[in-house]
Amino acid sequence: MEVLQKDNEEKGVFYIALEGKLLAEMTYVWAGKDRIIIDHTEVNDLLRGKGAGKQMVSKAVDFAREKGISIIPLCPFAKSVFDKMPEFSDVL
């Protein structure tokens, strides 16, 4: 599963698509120039239990580290992943 990203400098999305069909997405909005707020995560039933949501959070963490920004996980799912993954705490 490849996690892709779209970003227009106001908001963005990490997503997984297969054969042109969106199967999972995690949306975020920019809060200033140095922070994103993850506000929603949705995973299609086809990918439930396969780690798709965690992969998207991991991709967001990689993005934050590359850009030198922080993440505010308002989405309950994203927050639960951050709570379970202390190695991601450097971007909070």
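The values are calculated or read from the model by the stated rules, or taken from the named source; none is laboratory data. Quantities reported herein were computed from a predicted structural model and do not represent experimental measurements. A quick note on method: Cβ atoms are made from the backbone with ideal geometry, for glycine too, and the neighbour counts reach across all protein chains shown.
Laid out as a table, the results:
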quantity: Top-ranked residue in the stretch 46-66 [being in contact with a strand residue (DSSP E or B) (Cβ under 9 Å, 6 or more places away or on another chain) and charged (D, E, K, R); ranked as nearest to G32 (Cα to Cα)]; calculated: K59
quantity: Members of the stretch 52-71 found to be surrounded by 18 or more Cβ atoms within 10 Å (Cβ to Cβ) and outside any helix (DSSP H, G or I), listed by number; calculated: I71
quantity: Conditions (1) surrounded by 14 or more Cβ atoms within 10 Å (Cβ to Cβ); (2) out of contact with any Leu (no Cβ under 7 Å at 6 or more places or on another chain): number failed by I37; calculated: (2)
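Residues are listed down the side, and each one gets a yes or a no for (1) more than 17 Å from F82 (Cβ to Cβ); (2) at pLDDT below 95; (3) outside any strand (DSSP E or B):
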| position | (1), (2), (3) |
| --- | --- |
| M1 | yes, yes, yes |
| Q5 | yes, no, no |
| E9 | yes, yes, yes |
| G12 | yes, no, no |
| I16 | yes, no, no |
| M26 | no, no, no |
| G32 | yes, no, yes |
| I37 | no, no, no |
| E42 | yes, no, no |
